[in-house]
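Heads up, the thing below is written out as structure tokens.
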Amino acid sequence: MGEEEFRPATAAEIAAGSAGPNVEVRGWVARKHAVGGLVFAIVRDGSGYIQLSARKGSLKAADFEAAKGVTRESAVRAQGTVRSDERAPGGKEVSVSSFEVVAKAESWPITKTAARSASYLFDKRHLSIRGPKAIAAMKIRTEVIGAAFDYFRENGFYLISAPTFVQAAVEGGSTLFKVDYFGKEANLSQSAQFYEEAALPALQKVWIFQPAFRAEKSKTPKHLTEFWMIEAEQAFVEQSENMKVQEELLSKAVERVLENRQAELKTLGRTLKQPEVPFPRISYDEARSMAEKKGLGFEWGEDVPTEAERAVSLSQESPFFITDYPLSARSFYHMTYSDRPKVTKSADLIAPEGIGELATGGQRIHDYDELMGRIRGQDLPAESFAWYLELRKFGMPPHSGFGIGVERTTRWIAGLKHIRSASLFPRTTSRISP
Ligand code: 4AD
Ligand code: MG
């Protein structure tokens, strides 16, 4: 020994056999057990897990003692030789010749008993995110976001940014977070849609990926107060084409996860299938009668209640759209059919398995007088929509778009019980720390 070069390698490279014979492993101790003169440590790095074995006599006495005494979640660096070992996770083991504790961890507070309390785990989220399920969820989330970046680039959409301090309420006044903006009242953005619309005459096809804020009082497994939204908007595009973008985007996200994250799906116990496109389109009226047959009827004109949406969702095998919502259940900017003035050209993209809404989209009113009429008719403050209205005076063609929630999508794809598990540091009504 001594003369060989130890090259830094990740757990995944070692497991795949693409690392050299002599490697340096850097990571965190997930588990350790010592038997006599032999110490086994499972080390986690960003790529996965690798087993290290330290045999007394094969490394300096001080290094052996360091390995023997290392605590869970300590950061370590070790050098050694890769061996195949069927009993090791991933089929490979590194037999170490040096072992160093780089940063020692105190006694790990997340014991098996403590871990039974979800609220404790979220109080300790800064630590509990090191668990295999949390890691798997985050890696799946990365694929979902990556799929969006690729999809939009391949399809000629420009990525834009928009402010999160805003004045206009895109999705109604009841869920606004108010902030004091140097003595003026401002809000945190609920959706970047209006800025996307403004960007259309410049860029024609745009998308955006940024946080959205909702003062949702609802304590449910699908609501956060801060979440990430992917939104897209296209000029000269009608609602039917807008739905196509949504199903292609979601399909690509599923495809990516199936391609790259099989191990993580397994960790989460998730069976995921590639949905077929086009997704089924169920009208609001059809959804209403489906719900009614299950004893969950509701008035025409109401938004589809959660329980009814859940029942329809449970009846479907793949994601689907509910189309043609009544105007009374939609925001003021929605376009209606010329022959059905109470019905909007809109749809929600719904996940199956009882998960429910992932996206909302629709065609917008592009005519000035019609939009002004809607704002007046709903008693909205025209001043705060002044610039949004003015767009309609300067060449606004028919246009459509949608917003899809990143955490809701991750929740469905990863099969997570609660949306908070799709966020590294979730914000809910009852949680603003860590
Ligand atoms: O349905 P929403 O409110 O639609 C809009 O904001 C449109 N302006 C988007 C657009 O057309 N550009 O929100 C869009 C999506 C929802 O379908 C849902 O996935 C997610 O954002 N979402 C939430 N996710 C987590 N927690 C919440 N409180 C959410 N509210 C909306
Ligand atoms: Mg919606």
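The table below gives the values:
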quantity	calculated
Protein-only accessible surface order, largest first, of 196, 292 at 1.4 Å	292, 196
Residue-wise HN-Hα coupling along region 134-148, computed from phi with Karplus coefficients 6.51, -1.76, 1.60 (Hz; x: Gly, Pro)	5, 5, 4, 4, 5, 6, 5, 4, 4, 5, 4, 5, x, 4, 5
Taking the convex hull of Cα positions in the chain, its mean projected area over all directions (nm²)	25.5
Stretchable slack from residue 417 to residue 77, in nm (0.36 nm times residue separation minus alpha-carbon distance)	118.8 nm
Summed residue charge, Cβ within 14 Å of residue 393's Cβ, Lys/Arg positive, Asp/Glu negative	-4
Stokes-Einstein translational diffusion, region 158-229 - Kirkwood Rh over all Cα pairs, 1.306 mPa s, 10 °C, in µm²/s	121
Alpha-carbon Rg with Dmax, taken over region 1-156, Å	17.8, 62
Lys, Arg +1 and Asp, Glu -1 on Cβ, resulting dipole of region 324-434 about Cα centre, debye, nearest 20	380
Long-range tail of P(r) for region 64-126 (Cα pairs > 21 Å, %)	46
Listed residue (202, 132, 311) projecting farthest to the positive dipole end of the chain, Cβ model	132
Signed unit charges on C-beta, dipole axis of region 213-260, positive-most listed residue 245, 227, 257	227
Share of Cα-Cα pairs in region 1-90 lying beyond 20 Å, as whole percent	29
Region 182-326, accessible area per residue, ligands and nucleic acids excluded (1.4 Å, Å²)	47
Loop sites in region 1-105: GluC sites (Glu not before Pro), DSSP, at most 11 other Cβ within 10 Å	3, 5, 86
Amide H contacts under 5 Å for residue 356, placed H, 5+ residues apart	351
Average accessible area per residue (Å²) across region 345-392 - probe 1.4 Å, nucleic acids and ligands excluded	38
Stokes-Einstein diffusion coefficient of region 188-294, Kirkwood radius over Cα pairs, 37 °C, 0.692 mPa s, in µm²/s	192
FRET efficiency, 1/(1 + (r/R0)^6) with R0 51 Å, evaluated for residue 55 and residue 153 via beta carbons	0.50
Region 26-144 - percent of accessible surface contributed by carbon and sulfur, probe 1.4 Å	53
Computed magnitude of the charge dipole of the chain (debye, nearest 20; Cβ of K, R +1, Cβ of D, E -1)	2000
For residue 304, distant residues with modelled amide H under 5 Å away	none
Volume of the Cα convex hull of region 332-434, divided per residue and given in Å³	166
Extension gain from residue 338 to residue 119, taking 0.36 nm per residue of separation minus the Cα-Cα distance	73.8 nm
Largest-first ellipsoid semi-axes for region 274-408, taking √(5λ) over the Cα gyration tensor eigenvalues, angstrom	30, 17, 13
Listed residue pairs exceeding 26 Å between alpha carbons, taken from 244/345; 205/244; 124/219; 222/266; 92/124	92/124
Computed lengthening from residue 376 to residue 294, 0.36 nm per intervening residue step minus Cα-Cα distance	25.7 nm
Charge dipole of region 344-434 about the Cα centre (unit charges at C-beta), most positive-ward option of 403, 350, 426	426
Ordering of 395-401, 28-34 by packing [mean C-beta count within 10 Å, highest first]	395-401, 28-34
Environment charge at residue 352 (Cβ cut-off 11 Å; Lys +1, Arg +1, Asp -1, Glu -1)	0
Cβ crowding within 10 Å averaged over residues, with 372-385, 409-422 ranked highest first	409-422, 372-385
Those trypsin sites (Lys or Arg not before Pro) in region 250-316 that DSSP places in a loop and that have at most 10 other beta carbons within 10 Å	273
Inter-site label distance for residue 236 and residue 368 at 7 Å from Cα along Cβ, in nm	2.3
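The values are calculated or read from the model by the stated rules, or taken from the named source; none is laboratory data. Everything numeric here is computed off the predicted structure, so don't read it as measured data. Heads up, the Cβs are rebuilt from the backbone with ideal geometry, glycines too, and the neighbour counts pull from every protein chain shown. Heavy atoms of the whole protein, side chains included, go into the accessibility calculation; ligands, DNA and RNA do not. Shrake-Rupley method; radii C 1.70, N 1.55, O 1.52, S 1.80 Å.
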